[in-house]
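The values are calculated or read from the model by the stated rules, or taken from the named source; none is laboratory data. These figures come from a predicted structure and were not determined experimentally. Here the Cβ is made from the backbone with ideal geometry for all residues, glycine too, and neighbour counts use every protein chain on show. SASA here: full protein model, heavy atoms, side chains in, ligands and nucleic acids out. Shrake-Rupley method; radii C 1.70, N 1.55, O 1.52, S 1.80 Å.
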Amino acid sequence: MVSGILVHLPEGSGDEAVTLRLGPGERARFGRGSATTPVELRLGDETVSRLAGEIHATDDHWQLSNLSNTHAYLVENPEGAGEYLRVPPRRIGAPIPFEFSRVVLPSRRETPLSFQVFAPDHVYLDPHARVGSWESRTMTAYSLDETATYFLVLVALCEPWLRDRSPAAVPTTPQVVARLRGHPACGRLTARAVSSHIDYLADEKLRIDVPDGTDRTERRNGKREAVVGLALKFGIVREEHLALLPRPEAAEPGR
């Protein structure tokens, strides 16, 4: 089990895009910040407090503290059926159960002011293991949720191999966006979101180490290829998973 979380502040919500990795016990503060009130996630909006809140990573989940005196925050599950939590003002250490979350703060903007949090691995029992004591149970080596959007991204990346197409190239990020466009949960999926899902798969779920001695484009391509290679090698994605994707003809106009 991999503990710790990834926090991603997209470009436009602050001065610049920021991605943080927090290990168990580590914290990150967010807000408008100032010279006397430093924050790790700076949200450049006048409606946000200088110190608006704090994220705390634990061993198996994360907690959100709302340090505002007036505003509630929403924590949405983008991969669920509209589930969300409302964290009221001055609430400390609210536990967040979602594997992938979007924290939304009230603002006067037309688009929501938000950042994303990828939680620690959710642990699943091996479905073929016999029921017994907790100590005798076998955990899966790679704990993936097959109902999550990141798993759809993984299946789309592996599709050419599973359909006996030429394995010369892994689908690009724009091709994955186009391929998933016909899926009910992926109508608003962006290239940036796909890249975040690939990072999550590589760094947290499949724990792939991509060498640092490459430029950004080479590292991104290497990460996609490594994710596909491991998923196919260990049977994490199999032919039956293709049924999760939209019909191929539904994606053709976007290709």
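In table form, for the structure just shown:
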| item | result |
| --- | --- |
| Criterion violated by residue 98 - all others in (1) in a strand (DSSP E or B); (2) crowded, with 18+ Cβ neighbours inside 10 Å; (3) hydrophobic (A, V, I, L, M, F, W, C); (4) modelled with pLDDT under 95 satisfied | (1) |
| Among (1) farther than 28 Å from residue 188 by Cβ; (2) open to solvent by 70 Å² or more (accessible area, probe 1.4 Å), the one test that residue 83 misses | (1) |
| Flag for residue 135 being at pLDDT 90 or above and part of a helix (DSSP H, G or I) | no |
| Matching option when the condition is at pLDDT 90 or above, among the basic types (Lys, Arg) and not in a loop (DSSP other than H, G, I, E, B), among 90, 86, 50 | 86 |
